[in-house]
Amino acid sequence: GDHRDLHLSIRRQRQMCIRDRLEALAPNYDLIVIDTLIAGLSGRADENSNTAMGSIANDLAAIARRSNAAICLLHHTSKGTSDDIFHTIRGASALRGAYDVGMLLERRKGEREALLHVEGKDIEGGSF
């Protein structure tokens with residue numbers, strides 16, 4: 001399946017499927033941070049493909065449910081602008097549809113402070 005397109009490079013000169021590694025490690029942690037989505041992709045998965053990103057998001061959600069761990073996936077925004085800040089998330093819209101809580105940190109060029117935007121399925125969103 002598409003989960004084989006998601007890999008993590010290991011120093012010992014071999015590739016290990018990140019899904020299998022997460023499956024094994026997740027029960028030992030409360031929080032897993034994947035920094036960044038693009039760094040974790042092998043290059044064969046297209047971040048603009050709803051099918052590929054949906055499959056990855058579904059795999060991560062299943063691992064989180066089975067292990068009772070929270071998975072935080074870091075991803076970048078595009079350079080474009082939108083009335084809805086969450087529309088600037090780079091790539092496929094399947095990512096936005098898959099998360100329970102989305103947080104987007106917005107810092108404008110030249111500014112020291114940032115604005116945290118939050119949206120979620122079971123929470124009231126806002127900006128802080």
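What's the number of the condition GLN13 fails, among (1) modelled with pLDDT under 80; (2) closer than 28 Å to GLY126 by Cα?
Of (1) modelled with pLDDT under 80; (2) closer than 28 Å to GLY126 by Cα, only one is false for GLN13: (2).
So which pairs qualify, if the first residue must be in the stretch 112-128 and in contact (Cβ under 8 Å) with a residue 12 or more places away in the chain, the second must be outside any strand (DSSP E or B) and aliphatic (A, V, I, L, M), the Cβ gap must be under 7 Å, and the two must be at least 6 apart or on different chains?
HIS117/ILE85
Are there any pairs with C-beta distances below 8 angstrom linking a residue in the stretch 43-66 that is of a type in the set (S, T, N, Q) to a residue that is assigned to a helix (DSSP H, G or I), with the two at least 6 apart or on different chains, and if so which?
ASN50/ALA94; THR51/ASP2; THR51/ALA94; SER55/ASP2; SER55/HIS3; ASN58/ALA98
From the residues in the stretch 51-66 that are charged (D, E, K, R) and more than 16 Å from ARG96 (Cα to Cα), which one is surrounded by the most Cβ atoms within 10 Å (Cβ to Cβ)? Break it down into steps so the answer makes sense when it comes.
So the first thing to find is which residues in the stretch 51-66 are charged (D, E, K, R), and the list is 59, 65-66.
Subset that is more than 16 Å from ARG96 (Cα to Cα): 65-66.
Values: ARG65: 9, ARG66: 11.
Across the stretch 51-66, the extreme among qualifying residues is ARG66.
Given the options ALA69, ALA45, name the one that is modelled with pLDDT of 85 or more, in contact with a strand residue (DSSP E or B) (Cβ under 8 Å, 6 or more places away or on another chain) and surrounded by 17 or more Cβ atoms within 10 Å (Cβ to Cβ).
ALA69
Could you check how many residues of the stretch 76-98 are at pLDDT below 85 and touching a His at 6+ places or on another chain (Cβ under 6 Å)?
1
Six or more apart or on different chains, Cβ under 8 Å: which pairs go from a residue in the stretch 93-104 that's without any contact (Cβ under 8 Å) to a residue 60 or more places away in the chain to one that's open to solvent by 70 Å² or more (accessible area, probe 1.4 Å)? Could you list them?
That search, which allows pairs on different chains as well, returns SER93/ASN50; ALA94/ASN50; ALA94/THR51; ALA98/ASN58; ASP100/LYS121; ASP100/ASP122; VAL101/LYS121; VAL101/ILE123.
Quick test of your reading of the structure: THR81 fulfils all but one of (1) open to solvent by 50 Å² or more (accessible area, probe 1.4 Å); (2) touching a helix residue (DSSP H, G or I) at 6+ places or on another chain (Cβ under 6 Å). Name the failing condition by number.
Looking at each condition in turn, THR81 falls short on (2).
Would you please name the residue that is most open to solvent (accessible area, probe 1.4 Å), looking only at residues in the stretch 22-42 that are at pLDDT 85 or above and among the small types (Gly, Ala, Ser)?
By that ranking, first place goes to ALA24.
The values are calculated or read from the model by the stated rules, or taken from the named source; none is laboratory data. Being a predicted model, the structure only gives us computed values, none of them experimental. No Cβ is skipped: glycine too gets one built from the backbone with ideal geometry, and neighbour counts run over all protein chains shown. When the accessible area is computed, the model is the full protein with side chains, heavy atoms only, and any ligands, DNA or RNA have been set aside. Shrake-Rupley method; radii C 1.70, N 1.55, O 1.52, S 1.80 Å.
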